[in-house]
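Asks: Handing you this structure, nothing more for now.
The values are calculated or read from the model by the stated rules, or taken from the named source; none is laboratory data. Computed from a prediction, not measured in an experiment: that's the story for all the values here. Please note: Cβ atoms are built from the backbone with ideal geometry, for glycine as well, and neighbour counts cover all protein chains shown. Accessible surface is based on the protein model in full, side chains and every heavy atom, while ligands, DNA and RNA are left aside. Shrake-Rupley method; radii C 1.70, N 1.55, O 1.52, S 1.80 Å.
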Amino acid sequence: IFFEDINLGADGGIYAEMIKNRSFEFYMPLMGWTVNQNKMNEGSVMVLNRQEENIANPRFVCITKKEKTDSLSICNEGFRGMGIKKGLRYDFSVLCRQQTPGVKLHLQLLNASNDVIGSADLSPAATGNKWKKEAISFNATDTAWKGKFRISFEGSGVIDLDMISLFPSDTWKKRPGGMRSDMIQLLAAMQPGFIRFPGG
């Protein structure tokens, strides 16, 4: 059998990661993301570049929420939408950095009508200049063929985010951060004698 990463063969295909452009490294840093706010504050969402500090993963997003009463959120479209299954557990993780506590994250799975079909709240710790991985899991309350994922910010302050990730719990052999079970099962059932992963 022959595999090539075209037409969402890898990201959005056999790889179970649901967030598109999770580390803001696409040639358009906010590709896959939309920013929503009730009051336009310049610089509320900025993609910054660490350059030589982290050559492998230079970019991250800096969220600045000035007023507690303002609404601010970022929403990810997934890979042509997210397939969400009712009752399934979803595992969220993110690298965070904030000088002082003050920003809370509301995590929401949305259907095509923007109805919330799964949610959790996350209050990242204050870490100064150090990055810390935060994680939480929650279940979907309904099924959606073309869903989305939204992060809303509560409170006020500045928080940096990187490697935003959302995985379904039903990966191949239940491996965290693994492959999609349905697609890999189809490949395994073929019992191939040889698999070619081309370069290029």
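Asks: Determine, yes or no, whether Ser113 is assigned to a loop (DSSP other than H, G, I, E, B), of a type in the set (S, T, N, Q) and either more than 16 Å from Trp33 (Cβ to Cβ) or in contact with a strand residue (DSSP E or B) (Cβ under 7 Å, 6 or more places away or on another chain) (or both). Even if it seems obvious, please write down each step before you answer.
Replies: Details: assigned to a loop (DSSP other than H, G, I, E, B): yes; of a type in the set (S, T, N, Q): yes; either more than 16 Å from Trp33 (Cβ to Cβ) or in contact with a strand residue (DSSP E or B) (Cβ under 7 Å, 6 or more places away or on another chain) (or both): yes.
Considered against the rule, which asks whether it is assigned to a loop (DSSP other than H, G, I, E, B), of a type in the set (S, T, N, Q) and either more than 16 Å from Trp33 (Cβ to Cβ) or in contact with a strand residue (DSSP E or B) (Cβ under 7 Å, 6 or more places away or on another chain) (or both), Ser113 comes out as yes.
Asks: In the range 46-67, is there at least one residue being on the phi > 0 side of the Ramachandran plot, out of contact with any Leu (no Cβ under 6 Å at 6 or more places or on another chain) and open to solvent by 70 Å² or more (accessible area, probe 1.4 Å)?
Replies: yes
Asks: State yes or no: is Ile159 part of a strand (DSSP E or B), farther than 26 Å from Gly81 by Cα and open to solvent by less than 70 Å² (accessible area, probe 1.4 Å)?
Replies: Details: part of a strand (DSSP E or B): yes; farther than 26 Å from Gly81 by Cα: yes; open to solvent by less than 70 Å² (accessible area, probe 1.4 Å): yes.
So Ile159 passes the test.
Asks: If you don't mind, there's one more thing I want to ask. Criterion first (open to solvent by 10 Å² or more (accessible area, probe 1.4 Å) and closer than 22 Å to Gly147 by Cβ) does Asp70 satisfy it?
Replies: no
Asks: Is it true that some residue in the range 23-31 is under 20 Å from the mean Cα position of the chain (by Cα), among the acidic types (Asp, Glu) and under 23 Å from Lys133 (Cβ atoms)?
Replies: yes
Asks: Quick check on my filter: what residues within the range 110-133 are of a type outside the set (A, V, I, L, M, F, W, C) and under 19 Å from the mean Cα position of the chain (by Cα)?
Replies: Passing the criteria: Asn111, Asn114, Asp115, Gly118, Ser119, Asp121, Ser123, Pro124, Lys132, Lys133.
Asks: So is Val94 buried (at least 19 other Cβ atoms within 10 Å of the Cβ), more than 15 Å from Lys148 (Cβ to Cβ) and touching a Phe, Trp or Tyr at 6+ places or on another chain (Cβ under 8 Å) or not? Outline the logic, then answer.
Replies: Values: buried (at least 19 other Cβ atoms within 10 Å of the Cβ): yes; more than 15 Å from Lys148 (Cβ to Cβ): yes; touching a Phe, Trp or Tyr at 6+ places or on another chain (Cβ under 8 Å): no.
In short, no.
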